[in-house]
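Enquirer: Sending over a structure as structure tokens; questions will come in a sec.
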Amino acid sequence: MNDYMKRFAQKTANQPKKEQVFIKNGCRLTVITERLLRIEVQTSSVFCDLPTQAVVNRAFCEVECSFIKSGNLVTVKTNSCEFVFDLAHKKLKSIKLSDGRTVTNFRKGNLKGTGRTLDNTNGFCKLCDGVVSKNGTAVLDDSCTLVLTESGHIEKRKCPETDLYYFAYGFDYNTAVRDYFNLTGFPPLIPRFALGNWWSRYKAYTQDEYETLIKRFENEKIPLTVATVDMDWHWVKVVEKFGEDAKKVYAKNNLMEKVYSIIFPGWTGYSWNTELFPDPDGFLSFLKNKGLKVTMNLHPAAGCCFFEDVYKEFCEFMNQDPSQKKPVRFDLSDDKFIEGYFKFLHHPHEEKGVDFWWIDWQQGKNSDVDGLDPLSALNRYHYIDNDSTNKRGLILSRFSGAGAHRYPIGFSGDTFMSWASLNYQPYFTATASNIGYTWWSHDIGGHTFGIRDDELYLRWVQLGVFSPIMRLHSTSNEFMGKEPWMYRSDVREYASDALRLRHRLIPYIYSANRQTAEEGIPLVRPMYYAYPHTEAAYNVPNQFFFGSELIVCPITTKINRKIELAGTPCFIPEGRWTDIFTGRIYNGPCELKLFRDEKSIPVLAKEGAIIPMYTEDCGNSVKNPDKLQLTLFRGNGSYTLYEDDGETHNYLNGEYCKTQFTLSEEGNSLTFTVHRTEGDTAVLPEKRKYKLLFKDVVDAEKITVTVNKKKAPFSLEKSGGVIEIDTGAISPDSETVIRLENISVLKNQSRRELMTKLFAEIQGANDIKKHLFEKFAISGEKAFIPGSLADAVKEIEMLKQD
């Protein structure tokens, strides 16, 4: 084994107990869980026990089961399901689910998974199947994947076989996804910095331009955490720079390489363009000093060409004559090339300050290893290489199939700048959780083509705040930049506020990140995960949970200029839900169309919600804060804040802590408790202040704060239906209790007050508006009012209030 390849070694998967396995007539049935069955068909009975690109663990659950053979039929019984397999036809005939349903079409009703990319799509794209289904069953086909070996290689199976996993979880979608992670590996804990705002643009910036841009964001008080440098960091106009020989660098051993050499000369590069970046080390130091992490773009298909700074050393390493100017060919079947690829082309840049790589592979699915998609190999090799020190690994790359979630983050490709693209992204993102792909990064605002539409940009940024990753991006067109100050004044204000909010939400998102890595609960997930028996939950494909406390209903259609509002359908689950922006309260269950102006989209907090946030003006920092804001919504709830150093693997050695917050409502009193922090508090500041915002409490006759049962000082402010309490600095080993007694709670405007406001904002003739409103008042505020402004009024009527 090549010593370098050892880092990519995959331990041989543990095997289920023999009592969970049945072998007969070239078929092997393996009970993985009570509701998950593996079926292999291989004529010579040479079955696969090695981990594959998708599946890495088949023995995570001991199951009581039985195999009952009757003629050619084998019935596999567990405490939850019955699977009937036909040995003669070598296929599964039926599954009886725990809820009593018997299923024979195992792919029907699939709720889908995700797709490789949104490149060249304007809205819809084809999705793979997921592991959840309204029909109760789903199939994961692992037949064509390659195996991962202890030597670090990705190889074909010794013998081809049919290899299928049958998920039979009924409506228990959460467990289906969790067991998918048990089978394929859990998503890793991604670094904290990845959860803030990213700047990215396909543009040939000069060093001065990029640094000036970062300073402008700083002056605008818009936090950034990741600086992305697209392909122009390296030499791109290679023919102009290095002559006609630059056209001949490609080996052209296959059609892909021939096409690449004609269309994309200069796309592959590893040497700084010193005409644009005269001081690369100084540039990287500048970004680091601003608190930014750095990722740079890769198109590795052309290997290493003669004009690269490290060409001579790489050639000598590969025993290749550099005087011939032949490229060091990109070859994933060659251990020596893989070692040199990282040693010469990537590690030197990382030592200077590049934190991770954006793998922009667009050159097809063929490689020198039969059946190996280069994208899949690059994702695995780059992630593991980046993860090989004590820092956590990260990449930015396209989806390469089941199992790709082990190598975050996903890059969804070059998105069209259109309402159709925006309208598709919420569904696309949430649905990806059905195949465990929880960390998509989209081109927020759209990348290319389309139209200039300030409203579209704003709605996309508002969605981006509540997306797994918030990465602004666009092409080099001078009029397509995503800087907020490039848009009209109101849009600039709202977009800037949205970006500030995203950064402030990092403590909340990071705790959800830990929940994903530890429990398999995605940050963004469809409504039907929690309400699988409620049809309304399936009818709002763009609505999703964002962490444990919030529901997001993006607005993805244009505003109606007659009423200056845009609407989105929404399913309000049972209970009380409060819009975090407007303060409007909704009582479910019900289905509504929610309307908003351009300032916000509907984001609903459940009763008892606790949302930890940075306070304002925290800059680009992502550290565990000295002062933490807790945004609270009355009710009964609990929340666990997770914290560690945010960047290393030290948490695996116990260097992390958890702080539980509880909120209880009894009669007209509220009690909020900050419990003693559990774990290694060395990752926290010595003491921490808390800023508590009771968002739906207007007043309280008595407020007390105690620390370890002793009264403690605090400051109080009441405004706009919100009570704000600031505590002193408190050590993590203390218990702090805040009690509000005889509270007055926030209430919605009356329907008449609301309709008066909305009628006032209708764009139209004043006398007609007055006439219609008088009819509205006489009608008992219920009936639809015909008239020349009927369409606008009808939409307003849909603003129902509970």
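The values are calculated or read from the model by the stated rules, or taken from the named source; none is laboratory data. Just so you know, these numbers come straight off a predicted model, no measurement behind them. As a convention, Cβ positions derive from the backbone with ideal geometry for all residues, glycine included, and neighbour counts pool all protein chains shown. In case anyone asks, the SASA skips ligands and DNA or RNA and just uses the protein heavy atoms, side chains included. Shrake-Rupley method; radii C 1.70, N 1.55, O 1.52, S 1.80 Å.
Enquirer: Checking the table Lys237/Lys288; Lys215/Lys237; Lys658/Lys710 against a 26 Å threshold on Cα-Cα, which pairs fail?
Expert: Too far apart for the 26 Å limit: Lys237/Lys288; Lys215/Lys237.
Enquirer: Also, I was wondering about something else. Please give the per residue accessible area of the chain, computed with a probe of 1.4 Å over protein heavy atoms only, in Å².
Expert: So the chain comes to 39 Å² accessible per residue, rounded to a whole number.
Enquirer: Once both axes come from the Cα atoms, what is the angle between helix 454-465 and the longest principal axis of the chain, in degrees from 0 to 90, rounded to 10?
Expert: Relative to the chain, helix 454-465 is tipped by roughly 80 degrees.
Enquirer: Defining a contact as two alpha carbons under 8 Å apart and six or more residues distant in sequence, what relative contact order in percent does the chain show?
Expert: RCO, the chain: 9 percent.
Enquirer: For region 36-176, what class follows from the C-alpha gyration tensor (a ≥ b ≥ c being the square roots of its eigenvalues): rounded when a/c is under 1.5, otherwise prolate if a/b is larger than b/c, else oblate?
Expert: oblate
Enquirer: How high is the relative contact order of region 540-605, in percent, counting Cα pairs under 8 Å that sit 6 or more residues apart?
Expert: This gives 35 percent for region 540-605.
Enquirer: So, counting K/R as plus one and D/E as minus one, what does the shell of residues with Cβ under 11 Å around Gly353 add up to?
Expert: Computed value for this residue: -1.
Enquirer: Here is a further query. Each residue of region 196-206 in order: what ³J(HN,Hα) in whole Hz does its phi give by Karplus 6.51 cos²θ - 1.76 cosθ + 1.60, θ = phi - 60°, with x for Gly and Pro?
Expert: Values per residue, Gly and Pro as x: x, 8, 9, 9, 8, 7, 7, 7, 7, 5, 8 Hz.
Enquirer: How large, in percent, is the carbon and sulfur part of the accessible surface of region 328-482 at a probe radius of 1.4 Å?
Expert: Its accessible area is 51 percent carbon and sulfur atoms.
Enquirer: Same structure again: What per residue convex hull volume, in Å³, do the alpha-carbon atoms of region 436-542 yield?
Expert: So the per-residue Cα hull volume is 124 Å³.
Enquirer: Arranged from highest to lowest average of other beta-carbon atoms within 10 Å per residue, in what order do the peptides 13-20, 721-728 appear?
Expert: 721-728, 13-20
Enquirer: Calculate what fraction, in whole %, of the accessible area of region 514-581 sits on carbon and sulfur atoms when a 1.4 Å probe is rolled over the protein chains.
Expert: 53
Enquirer: May I ask you to derive the FRET efficiency for Glu761 and Glu64 from their Cβ-Cβ distance with R0 = 56 Å, giving the value to the nearest 0.05?
Expert: Between Glu761 and Glu64 the formula returns 0.30.
Enquirer: Which GluC sites (Glu not before Pro) in region 574-678 sit in a loop by DSSP (not H, G, I, E or B) and have at most 13 other Cβ atoms within 10 Å of their own Cβ?
Expert: Here the GluC sites (Glu not before Pro) that fit, given the DSSP loop and packing criteria, are Glu616.
Enquirer: Now for a different question. Of all accessible surface on region 599-691 at a 1.4 Å probe, what whole percent is carbon and sulfur?
Expert: The nonpolar share, carbon plus sulfur, comes to 39 percent.
Enquirer: Average the reciprocal distances over every distinct pair of alpha-carbons in region 614-766, invert the result, and give the Kirkwood radius in Å.
Expert: For region 614-766, the Kirkwood estimate is 17.7 Å.
Enquirer: Please report the net charge: other residues with Cβ closer than 12 Å to the Cβ of Lys96, K and R +1, D and E -1.
Expert: +2
Enquirer: Which of rounded, prolate or oblate describes region 472-629 when judged by the alpha-carbon gyration tensor and an a/c cut-off of 1.5?
Expert: Since a/c reaches 1.5 but b/c is at least a/b, the shape of region 472-629 is classed as oblate.
Enquirer: Follow-up question, since we're still on this one. Among [x] 31.2; [y] 28.9; [z] 27.5, only one was calculated for this model; which label is it, if the read-out is Kirkwood radius over Cα pairs in Å?
Expert: For Kirkwood radius over Cα pairs in Å, the calculated option is [y].
Enquirer: Let me check against my output: what whole-number percent is the relative contact order of region 87-163, with C-alpha pairs under 8 Å and at least 6 apart?
Expert: 22
Enquirer: Something else about it: Give me, ordered by chain and number, the residues 5 or more places off Val745 or on other chains with an amide H under 5 Å from its own placed amide H.
Expert: Residues meeting the amide H criterion: Val698.
Enquirer: Which trypsin sites (Lys or Arg not before Pro) from region 462-564 combine a DSSP loop assignment with at most 14 other Cβ atoms within 10 Å?
Expert: Arg488, Lys558, Arg561
Enquirer: Give a quick list of trypsin sites (Lys or Arg not before Pro) in region 645-732 that DSSP marks as loop, anything other than H, G, I, E or B, with at most 10 other Cβ atoms within 10 Å.
Expert: When the trypsin sites (Lys or Arg not before Pro) of region 645-732 are filtered for loop state and at most 10 Cβ neighbours within 10 Å, Lys709 remain.
Enquirer: Local charge sum around Ser476 (other residues, Cβ-Cβ under 10 Å, Lys/Arg +1, Asp/Glu -1)?
Expert: Summing Lys and Arg as +1 and Asp and Glu as -1 gives -1.
Enquirer: Also, I was wondering about something else. In whole Å, what are the extents of region 540-627 along the principal axes defined by its C-alpha atoms, from largest to smallest?
Expert: Principal axes ranked by extent give 44, 31, 23 Å for the Cα atoms.
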